[in-house]
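Input: a single structure, listed below in structure tokens.
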Amino acid sequence: KVTFGFAAPSHLAVFAPAMGATGNGVVVAGSYPPYSHTDIDGIKFALDLQEKYRPSNKVSHIMYLHGIIEAMIQVEALRLALKTTDVKDLTSAIVLKNGFEKITNLNTGDLTPPITFGPGKVEGVNLIRLDMAQDGEAVFLGYYSTKGIYAK
């Protein structure tokens, strides 16, 4: 028996419904939860944004969440940088040092594990979301450590 596994940018929320039971057992690391998981705060937020700003032209692809996460990170970096620097004096270097590198445990509403950056720490997470296809659904398996995946 073989388990097929894929990493981001593969997305089980796209694969599982398209494949149905044929895709059973496929595992994806680094995907996002499907829109059907409305018990997740980040999914509720994404659906609310679409209802407010795109009610007649909703984005059904799961990568919409990627854009939301990117916006969350950038807004947080700017918010943190503005704590130390007036807006007229902001530079990209200041936003990097006093913004991005100061982000600690950023909550994305469980779209991702908490995000933390720092000098030399550009990955943002040390956990990865694992999901498995089961009868056309992406089933959350849990968060697993990424530590030690790559040999030094």
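The values are calculated or read from the model by the stated rules, or taken from the named source; none is laboratory data. All figures in this text were calculated on a predicted structure; none of them were measured in a lab. Counting neighbours? That spans all protein chains shown, and the Cβs are built from the backbone with ideal geometry, glycine included. Heavy atoms of the whole protein, side chains included, go into the accessibility calculation; ligands, DNA and RNA do not. Shrake-Rupley method; radii C 1.70, N 1.55, O 1.52, S 1.80 Å.
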- Item | Interchain or long-range residues, amide H under 5 Å from Ala138's placed H | none
- Message: Give the aspartates and glutamates whose C-alpha is closer than 17 Å to that of Lys83, dropping any in the same chain fewer than 8 places away, or say none.
- Response: Glu101
- Task: In whole angstrom, note down how far apart the Cα centers of the stretch 58-117 and the stretch 1-36 are.
- Result: 27 Å
- FRET efficiency for Tyr144 and Asp48, Cβ-Cβ distance as r, R0 = 25 Å, nearest 0.05? 0.25
- Item | For the stretch 1-86: rounded, prolate or oblate by the Cα gyration tensor [a/c cutoff 1.5] | oblate
- Can you run phi through the Karplus equation (6.51, -1.76, 1.60; θ = phi - 60°) for the stretch 46-57 and list ³J(HN,Hα) in whole Hz, with x for Gly and Pro? 4, 5, 5, 4, 5, 4, 6, 9, 9, x, 10, 8
- Taking every DSSP bridge whose two residues both lie in the chain, the antiparallel percent to the nearest 5 is 80 percent
- Rounded, prolate or oblate: pick one for the stretch 69-108, where a ≥ b ≥ c are the square roots of the eigenvalues of its C-alpha gyration tensor, a/c under 1.5 means rounded, and failing that, prolate if a/b is larger than b/c, else oblate. prolate
- Calculated from DSSP H runs of 4 or more alone, at -39500 (n - 2.57) each and per residue, what is the 222 nm mean residue ellipticity of the chain, nearest 500? -9500 deg cm²/dmol
- Taking the chain and dividing mean pair separation by its residue count, relative contact order in percent (alpha carbons under 8 Å, at least six apart): 28 percent
- In order over the stretch 100-109: 3J(HN,Hα) from phi, Karplus 6.51/-1.76/1.60, θ = phi - 60°, whole Hz, x for each Gly or Pro, gives 3, 6, 9, 5, 9, 6, 5, 8, 9, x
- Scan around Leu127 for amide H atoms under 5 Å from its own, H built in the peptide plane at 1.01 Å from N, and keep only partners 5 or more places away or cross-chain. Thr146
- Message: Keeping all protein chains in the complex and leaving out DNA, RNA and ligands, what accessible area do you get for Ser145 with a 1.4 Å probe, in Å² to the nearest 10?
- Response: 70 Å²
- Item | nm² value of the averaged projected area, convex hull over the Cα atoms of the chain | 11.4 nm²
- Note on the structure: By accessible area (1.4 Å), largest first, Leu96, Leu80 order as Leu96, Leu80
- Query: Put a dot 7 Å past each Cα toward the Cβ at Asn57 and Leu127; how far apart are the dots in nm?
  - Reply: 3.7 nm
- Message: In whole Hz and in residue order, list the ³J(HN,Hα) couplings for the stretch 18-29 that follow from phi through the Karplus curve 6.51 cos²θ - 1.76 cosθ + 1.60, θ = phi - 60°; x for Gly and Pro.
- Response: 5, 8, x, 5, 4, x, 3, x, 5, 10, 10, 9
- Task: Could you list which residues have their amide H under 5 Å from that of Phe6, counting only those 5 or more apart in sequence or on another chain, with H placed in the peptide plane?
- Result: Val27, Val28, Ala29
